[in-house]
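The values are calculated or read from the model by the stated rules, or taken from the named source; none is laboratory data. These numbers were taken from a predicted model, which means no experiment stands behind them. All Cβ positions, glycine included, derive from the backbone under ideal geometry; neighbour counts span all protein chains shown. Side chains are part of the model used for accessible areas, which takes the heavy atoms of the whole protein and leaves out ligands, DNA and RNA. Shrake-Rupley method; radii C 1.70, N 1.55, O 1.52, S 1.80 Å.
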Amino acid sequence: MNRLALVTFLTDDYDKAIAWFRDALGFVLLEDTDMGGGKRWVRMAPTKDADTAFLIARAIGEQVKAIGRQAGGRVGHFLFTDDFDQTYAQMRKFGVSFREEPRNEPYGKVVVFEDLHGNPWDLMQPLNS
């Protein structure tokens, strides 16, 4: 069986990214292992038993240019929720930047927000949840 286990999230600071994912999105820290030389293996996910997690990676060299533009300016990550209004309110309380007001689409309730580096995401409650 194949499954998508990790997606890389580029940052300029491990601890700043960990705090943002934890506080703004309620993610859990799965692993933070020192790899030496300032490099760490950091995994975060919405829940401890999520199938897919982020590998928080500190960008170096040419990679730094991709911070905040991981999907070329398009929405690159989609955070699904079972309670849109509660999640939206919590994110607003934390100070997450939203690009628009929530809207209803044929596939569910959605709003575009920005992560700590300005990457656009969708917060979505699919109609089937």
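The number of residues in the range 49-58 being crowded, with 17+ Cβ neighbours inside 10 Å and over 12 Å from the mean Cα position of the chain (by Cα) comes to 2.
In the range 78-98, of all residues being among the hydrophobic types (A, V, I, L, M, F, W, C) and closer than 20 Å to Ala50 by Cα, the one that is surrounded by the most Cβ atoms within 10 Å (Cβ to Cβ) corresponds to Phe84.
For the range 1-25, a residue qualifies if it is assigned to a loop (DSSP other than H, G, I, E, B) and either closer than 18 Å to Pro120 by Cα or touching a residue at least 12 places away in the same chain (Cβ under 8 Å) (or both), and the qualifying residues are Arg3, Leu4, Ala5, Asp12, Asp13. Considering the conditions (1) in contact with an Asp or Glu (Cβ under 7 Å, 6 or more places away or on another chain); (2) surrounded by fewer than 16 Cβ atoms within 10 Å (Cβ to Cβ); (3) without any contact (Cβ under 8 Å) to a residue 24 or more places away in the chain, Asn104 is excluded by exactly one of them, (1). Inspection of the range 40-48 identifies at least one residue that is open to solvent by 90 Å² or more (accessible area, probe 1.4 Å) and either modelled with pLDDT under 95 or assigned to a strand (DSSP E or B) (or both). Evaluating Gly68 against the criteria (1) at positive phi; (2) loosely packed, with under 14 Cβ neighbours inside 10 Å leaves one unmet condition, (2).
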